[in-house]
Amino acid sequence: MTDRATKSAAGLLRAVRAGALGTLLPDGYPCVTLVSVAAADRGNPLFLLSRLALHTRNLALSPKASLLLRDERPPASGEDILTTARLTLIGTVLRSDAPADRTAFLDAHPEAADYAAFTDFAVYAMEIDRAHLVAGFGRIVEIGGEELHAALR
């Protein structure tokens, strides 16, 4: 199931538009916030973040983060949401000044163009270390970052 799961994870990463970004507060507690997500050409998740936001201030202190993505299609009638596909990415989030990353984010989220021009906003990219895919009930797979990147190419 690993190859199929890796392709499923890559497809989910490319399809989602929002996710739950987990960062670390200065006192070490986790903090999770909802963020817009796009995929870079190389597959890394991209974010447009304001330096005023709590998650951005947390990333400045520790770039270690996780990102929870889920299939955005509503569950079928009567289906438990916990049986739908979800992917947790674990890695490092750093500011990206690559023009291609900015273009990829704004192509995915044209509604963000107005505030993307504000000086406190910048694009950030997550370098994926590893992933945890729950593809449905009892279908759980750990995926290495290199394996996931290969599937994203």
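Please treat every number below as a calculation from the coordinates, not as lab data. Everything quoted here is computed from the prediction, not taken from an experiment. Cβ atoms come from the backbone with ideal geometry, glycine included; neighbour counts cover every protein chain shown.
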Considering region 48-153, what Rg and Dmax in Å follow from its alpha-carbon atoms? 16.1, 46
Residue by residue through region 115-128, the couplings from Karplus 6.51 cos²θ - 1.76 cosθ + 1.60 with θ = phi - 60°, in Hz, x for Gly and Pro, are 7, 5, 7, 5, 5, 8, 9, 8, 8, 10, 10, 9, 8, 7
Taking only C-alpha pairs under 8 Å that are 6+ residues apart, what is the relative contact order of the chain in percent? 28 percent
In region 66-116, trypsin sites (Lys or Arg not before Pro) in a DSSP loop with at most 11 other beta-carbon atoms within 10 Å: none
Report the dimensions of region 25-66 along its three principal axes from the alpha-carbon atoms, largest first, rounded to Å. 35, 18, 16
Amide H partners (placed H, <5 Å) of Ser96, local residues excluded: Val123, Tyr124, Ala125
Considering only DSSP states other than H, G, I, E and B, which chymotrypsin sites (Phe, Trp or Tyr not before Pro) in region 96-153 qualify as loop sites with at most 16 other Cβ atoms within 10 Å? Phe118, Phe137
Mind computing the radius of gyration and Dmax over the alpha-carbon atoms of region 1-107? Å is fine for both. 14.8, 45
Rounded to whole Hz, the Karplus (6.51, -1.76, 1.60) HN-Hα couplings of region 101-113, x for glycine and proline: 5, 4, 4, 4, 5, 5, 5, 6, 9, x, 5, 8, 4
Using modelled backbone amide H atoms (1.01 Å from N, in-plane), which distant-in-sequence or interchain residues come within less than 5 Å of Leu25's amide H? Cys31
Build a GNM of the chain with springs between Cα atoms under 10 Å: which of Ala125, Ala117, Ala40 gets the top mean-square fluctuation? Ala117
Roughly what angle does helix 2-15 make with the longest principal axis of the chain, taking Cα atoms, 0 to 90 degrees, to the nearest 10? 40 degrees
I want to verify a result. In a Gaussian network model of the chain, Cα cutoff 10 Å, which of these has the top mean-square fluctuation: Glu111, Glu127, Glu142? Glu111
GNM flexibility winner over the chain from Leu87, Leu21, Leu61 (Cα, springs under 10 Å): Leu61
So what J values fall out for region 47-60 if you push phi through Karplus, 6.51 cos²θ - 1.76 cosθ + 1.60 with θ = phi - 60°, rounded to Hz, Gly and Pro as x? 9, 10, 10, 8, 5, 7, 6, 4, 5, 5, 5, 5, 5, 5
